[in-house]
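The values are calculated or read from the model by the stated rules, or taken from the named source; none is laboratory data. Predicted model, so just to flag it, every value in this text is computed and none were measured. Heads up, the Cβs are rebuilt from the backbone with ideal geometry, glycines too, and the neighbour counts pull from every protein chain shown. Only protein heavy atoms, including side chains, enter the accessible area calculation; ligands, DNA and RNA are left aside. Shrake-Rupley method; radii C 1.70, N 1.55, O 1.52, S 1.80 Å.
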Amino acid sequence: MSRTITKPVLEISKAAQEVARGNFNARAKVDGDDEIAQMARNFNYMIDEIGKAEKTRKAIFANISHDLRTPLTMIKGYAETIHDLTGDNPEKRNRQLEVIIHESDRLSMLVNDVLTFTTFNHDAYDLEIDNFDIAEALIKLTERYNAISTGYKIEYEGPKHCMAVADKMRIEQVIYNLTNNAINHIGDDNLVILKLEVKEYVCRVIVSDHGQGIPKEHLNNIWDRYYKVKKTEKKLAKGTGLGLSIVKNIMNAHHAAFGVESTVDVGTDFWFELPLKKEQNI
């Protein structure tokens with residue numbers, strides 16, 4: 001009788017020690033329907049929930065770390081340019097300082113995401129929906145990337161102005177991630193194209209590269225966190241596997257359409273759509 005009582009208690013104690021060491025796969029063995037077995041089931045349920053929370057915490061910080069890279073690169077690149085080249089040219093200096101201020105704002109937004117422990121469900125984003133000129137945002141982004149380019153070129157195709165309805169900072173985050181993804185998989189022409197198409201009620205942003213393309217069997221999985229297309233080509237091995245997951249969650253938060261079209265050895269087009277400002281509908 002003593003062994004019958006103490007054995008499951010020792011099992012729970014052993015599992016608790018494993019969890020304390022960071023092993024969230026540890027489980028207490030459940031056998032029977034008595035109070036001790038119920039306690040073991042409750043213990044296992046608790047460990048399941050702790051494991052989920054730990055995975056969420058790691059995913060949040062991994063996503064934020066991924067997003068921090070671009071604004072830090074922009075700030076460093078433009079600060080060095082001002083220091084070395086344009087410090088005595090007020091017009092260029094002011095334009096570059098505006099970029100630094102803008103990217104600093106993006107950094108603040110990302111830090112706020114960390115502080116509020118944002119999860120990547122569509123309910124988690126506190127969106128600030130407003131009208132903004134998405135064409136202007138794309139043009140400025142193109143200029144920023146080209147200013148710090150190391151061998152690639154970004155081109156913009158589309159109208160000079162187009163008023164869309166969305167959270168400007170989050171949509172810029174989407175465009176940055178799609179552009180970074182295209183640069184990571186850029187083709188031999190070293191060219192990425194940002195295109196804006198205006199339709200009757202929506203505008204469509206398309207980010208294109210002429211790289212290796214994505215095999216059809218992988219297209220449904222590329223939006224999953226940490227998913228990467230495994231191939232021998234080094235160009236397809238770049239990235240953290242997080243950028244497209246961030247894109248997916250932001251677009252879902254906006255209830256907006258998005259997708260990808262790709263042909264192997266031809267290139268890839270990532271796209272998303274946003275509603276137009278009502279009085280602008282054509």
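Laid out as a table, the results:
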read-out: Residue list for region 201-217, restricted to those being touching a Ser or Thr at 6+ places or on another chain (Cβ under 9 Å) and outside any strand (DSSP E or B); value: His210, Gly211, Gln212, Gly213, Ile214, Pro215, Lys216
read-out: Residue pairs meeting the criteria (Cβ under 6 Å; at least 6 apart or on separate chains; first assigned to a helix (DSSP H, G or I) and hydroxyl-bearing (Ser, Thr, Tyr), in region 48-64; second surrounded by 12 or more Cβ atoms within 10 Å (Cβ to Cβ) and at pLDDT 75 or above); value: none
read-out: Restricting region 6-61 to residues that are among the polar types (S, T, N, Q) and farther than 30 Å from Val247 by Cα, the residue that is least open to solvent (accessible area, probe 1.4 Å); value: Asn44
